[in-house]
Protein chains: 2
Amino acid sequence: MDRFFVDTSAIRGESIELGGAQARQVASVLRLHPGDEITLLAGGREHIVTLASVSASRVTGTVREARAASGEPRVAIALGLPLLRGDHSEEIVEAVTQLGVSRIAPFVSARSVARVLPEPKRRRWERIAREAAETARRGRVPEIEPLRRWDELLVALRRPLLVAWERETVMRVRYAVPANVASLAIVVGPEGGLTEDEIVQARKRGAVTVSLGARNLRSETAAVAFVSLIADALG
Amino acid sequence: MDRFFVDTSAIRGESIELGGAQARQVASVLRLHPGDEITLLAGGREHIVTLASVSASRVTGTVREARAASGEPRVAIALGLPLLRGDHSEEIVEAVTQLGVSRIAPFVSARSVARVLPEPKRRRWERIAREAAETARRGRVPEIEPLRRWDELLVALRRPLLVAWERETVMRVRYAVPANVASLAIVVGPEGGLTEDEIVQARKRGAVTVSLGARNLRSETAAVAFVSLIADALG
C-alpha cells in the first residue's frame with residue numbers, strides 16, 4: 001500500500017482531504033480511485049484511508065484505522081552530522097533515517113573539508129529524509145536543522161551526548177547509554193576526525209566519548225554503525 | 001605512515017624485498033627514500049620497515065617491529081552479500097571491510113535484480129576491499145568469493161549462520177551470537193528481500209533468522225547495521 005507524509009491538518013477526525021501536489025500525486029502519479037486504500041503518515045501516526053473521491057485538485061477519504069507508526073522508535077535520537085564532501089552526507093541522511101533518527105544536526109568543525117550547505121543541497125537532504133522515512137515505515141520525517149559550528153552544536157544538542165572518537169578505546173556504546181532516557185544525541189566526526197581540542201571542549205560540556213571498535217571507520221560507516229548500536233542498546 | 005598489503009613472500013625474516021608494481025609505488029608514487037619508514041601488511045601482521053634501498057624496480061629494507069595488526073578482529077565474520085543494482089554492493093564491500101569482515105560471499109536469490117558479476121566489477125570490489133582494509137588498519141584483505149545461487153551459498157557458508165529477515169520480529173542479534181565462536185556467517189537479502197521459501201530452505205539447513213529492528217532497511221544499511229551489531233556482540 002502506498003504510504004506518504006501529509007500535514008496533520010489534512011486529517012480531521014475520521015475524514016481526510018488532500019489538495020495541491022498531494023492530490024495530484026494520488027490522482028495522476030499513483031492513479032488511485034475511490035475505494036482504493038492508502039496510508040497517510042502524520043504526527044507519528046499512520047492512518048489507513050479508504051478514498052471517497054479522487055481528482056487532481058482534491059482527494060477525500062475516510063480513516064479506517066489509525067495507530068502509532070510501527071517504525072517509530074520510543075527514544076528520540078538526534079545525530080550531529082558532519083558536512084562531508086560529495087554526496088556522503090546524503091548517504092548518511094538516508095541510512096540513519098531508515099534506522100530511526102529523529103533530528104539531524106549538520107555541523108562543520110576544524111577538519112571539515114566541505115564548509116557550506118547550499119539551500120538546494122539542504123532541500124535534497126529533506127527530500128531524501130522524507131522518502132527514506134516513508135519506505136522505512138517511520139511515522140515522522142527527521143528534521144534537518146541549520147548548519148552549525150562545533151561550539152554551537154555542543155550547545156544545541158540535548159544531553160546525554162555521546163561522541164564517537166577513534167582514540168577512545170575503553171567506553172563501548174552499550175555502556176554509555178543510560179537506562180530510561182527519552183532522548184539522546186550522538187555525533188561522529190568529519191573526514192579527518194575531531195581534534196583533541198574539540199574533544200576537550202565537548203567533554204567540558206558533559207559529552208561522553210565512545211569507541212565504535214578497533215578499526216578506523218569512514219564517517220559514513222561510523223554514522224550507520226553508531227546509530228545501529230544505539231538503537232540496539234535502547235532495545 | 002604509509003601502509004599497504006604485500007605478499008607474505010616479500011618478508012623474509014628481518015629483511016624485506018619488493019619488486020614490480022609495489023617497488024614502483026614506493027619509489028615513484030610515495031617518493032620514499034632510504035631511511036623512511038613504511039608499514040607492510042601480510043598474513044594478518046603489520047611490519048614496520050625502515051627502507052635500505054629504493055629504486056623503481058627493487059626496494060629493500062629491515063623489519064624494525066612486527067606485531068598482529070591492531071584492526072584485525074578475533075572472530076572471522078563471513079558476509080553473504082546480495083548482488084545489488086548499480087554501485088550499492090561496492091558501498092557495502094567498503095563499509096564491511098572497515099568493520100572487520102573476513103570473507104565476502106556474493107549471491108543472487110529469487111528477487112535479485114542484478115544477476116551477474118562481471119570480471120571488471122569483481123576486480124573493482126577487490127581493489128575497494130584492499131584499500132578499505134589498508135585505511136582501516138586491518139591485517140588481512142577480505143576474500144571475495146565466487147558468485148553463488150542461494151542454495152549454493154547455504155552450503156558454502158560455515159555455521160553458525162544468521163540471516164537478517166524483516167519478518168523476524170523476536171530474535172535480536174545479540175542473543176543469536178553464540179559464546180566463544182571462532183567464525184560466524186551472516187546474510188542480508190537483496191532489494192526485494194528474501195522469499196519465504198528461501199527462509200524455509202535456510203532454516204532447514206540450520207540458519208537462524210534475526211531482526212535488525214522494527215524499520216524497513218535498504219540492503220546497504222542492513223549490511224552495515226548487521227556487521228556492526230555482530231562485531232559489538234563479539235566484543
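For the range B:135-173, which residues satisfy the criterion of being surrounded by 16 or more Cβ atoms within 10 Å (Cβ to Cβ) and of a type in the set (D, E)? Those that are surrounded by 16 or more Cβ atoms within 10 Å (Cβ to Cβ) and of a type in the set (D, E): B:E145, B:E166, B:E168.
Scan the range A:211-229 for residues that are closer than 16 Å to A:I77 by Cα and more than 7 Å from every other protein chain (Cβ to nearest Cβ) and the total you get is 4. Here A:L51, A:L32 are screened, and the one residue that is over 23 Å from the mean Cα position of the chain (by Cα) and part of a strand (DSSP E or B) is A:L51.
Search the range B:21-51 for residues being in contact (Cβ under 8 Å) with a residue 24 or more places away in the chain and of a type in the set (G, A, S), and hand back the single one that is nearest to B:A136 (Cα to Cα). In this case the residue turns out to be B:G44.
Matching residues to (1) away from every other protein chain (no Cβ under 11 Å); (2) out of contact with any His (no Cβ under 6 Å at 6 or more places or on another chain); (3) among the hydroxyl-bearing types (S, T, Y); (4) within 22 Å of B:A164 (Cβ to Cβ):
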| residue | (1), (2), (3), (4) |
| --- | --- |
| B:E72 | no, yes, no, no |
| B:L83 | yes, yes, no, yes |
| B:S89 | yes, yes, yes, yes |
| B:V93 | yes, yes, no, yes |
| B:T97 | no, yes, yes, yes |
| B:V113 | yes, yes, no, yes |
| B:R127 | yes, yes, no, no |
| B:A136 | no, yes, no, no |
| B:G139 | no, yes, no, no |
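Of all residues in the range A:174-209, those being within 14 Å of chain B (Cβ to nearest Cβ) and surrounded by fewer than 23 Cβ atoms within 10 Å (Cβ to Cβ) number 7.
Counting residues in the range A:73-89 that are under 20 Å from A:R130 (Cα atoms), more than 17 Å from the chain's Cα centre (by Cα) and touching a residue at least 60 places away in the same chain (Cβ under 8 Å) gives zero.
Reported count of residues in the range A:153-190, each being charged (D, E, K, R) and in contact with a helix residue (DSSP H, G or I) (Cβ under 6 Å, 6 or more places away or on another chain), is 1.
Among the conditions (1) within 14 Å of chain B (Cβ to nearest Cβ); (2) touching a Lys or Arg at 6+ places or on another chain (Cβ under 9 Å); (3) hydrophobic (A, V, I, L, M, F, W, C), A:F107 misses just one, which is (1).
Laboratory data are not the source of any read-out in this text; all were calculated from the coordinates shown. Remember, it's a predicted structure, so these values are computed and weren't measured experimentally. Positions of Cβ are backbone-derived with ideal geometry, glycine not excepted, and every protein chain shown enters the neighbour counts.
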